[in-house]
Structure formats: structure tokens, C-alpha cells
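Notes for the one structure printed next.
Each value in this text was obtained by applying a stated rule to the coordinates, not by laboratory testing. A quick note: this is a predicted structure, and the numbers were derived from the prediction, not measured. Glycine gets a Cβ as well: all are built from the backbone with ideal geometry, and neighbour counts include every protein chain shown.
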Amino acid sequence: MAEKRIEKHISIRALSSEVGVEASFLSEIETGDRPFPARTKAGNLSSRLIEELGLTEAEASEFYRLADESLYSNGRVSPEMVQYLQDAPMAQQALRKAKDLGFSDEQWKNFMTTMDKK
């Protein structure tokens, strides 16, 4: 987010004012001191940031991926994933099996590639 903001010559104060949050809040997200809020709590914030930064569809997708990653790296799981797992018992079983088998990132990547082909 910081890279795109700087590229567009937007100060953190100006961006925070446009999206309706404190500059310190955005600064902490940019530096990794604070995880990005879960999508269900920050859906509007995400949309406003994407709009204000003029992100392309691909950049917006990457933005969401990085936001989710910031949650996971801080030991949190996004609420929509918790809800999905509650509603999809087979997904729970698949994750348990992958954990038991010690699935690597490469194996997950292959699995996702297979899913994308469907």
C-alpha cells in the first residue's frame, strides 16, 4: 500500500483523511505493526483505499491477498474463512488431512492450480 501511495504522491495524512481513518492507523498497517482489519470489518476501508489509490483489478487482488496475509502472520484468521469452515465440513476434513500429511506450499499451489482448472 505504501509503495502505491508514494508512487501516486499521496501523503499518508491525505490518504487517511480521504478514507476516514487516522493517519497513525494507516501508518501502522503500512509498517506491519498492525494487521489489516478483517475483511468483514474493513470491507468499506478496503474499497475506499483501492479507489483512492487507483488500483487495477490485479493490484486490488494482490491488495486483498496481502491484507489477508497480514491477518495470518499475526495469528488471526479472517471471519469469512472461519464462517466458511463452519459451513463446509469437508473443507475442515481436507485441512486436517493436509496438516496430518504435512502439506507443503508447493503441494497447496498444485492443489489450487487444479481447482482453477475446474
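So here's what we get for this one:
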| read-out | value |
| --- | --- |
| Helical mean residue ellipticity (222 nm; -39500 (n - 2.57) per DSSP H run of 4+; nearest 500) of the chain | -23000 deg cm²/dmol |
| Cβ-placed point charges (K, R +1; D, E -1), dipole of the chain about Cα centre in debye, nearest 20 | 380 debye |
| Under the Karplus curve 6.51 cos²θ - 1.76 cosθ + 1.60, θ = phi - 60°, whole-Hz ³J(HN,Hα) for region 51-65, x wherever Gly or Pro sits | 5, 5, 7, x, 6, 6, 4, 5, 5, 5, 4, 5, 4, 5, 4 |
| Among 98-110, 22-34, the order from most to least packed when residues are scored by Cβ within 10 Å on average | 22-34, 98-110 |
| For GLU30, net neighbour charge (Lys/Arg +1, Asp/Glu -1) across residues whose Cβ lies under 12 Å away | 0 |
| Region 2-77: relative contact order in percent, alpha carbon pairs under 8 Å with at least 6 residues between | 30 percent |
| Cα lying deepest toward the dipole's positive end in the chain, options THR113, PRO35, ALA23, charges on Cβ | THR113 |
| Bins of 10 Å, starting at 0 and running to the largest distance - Cα pair percent for the chain | 12, 36, 30, 18, 5 |
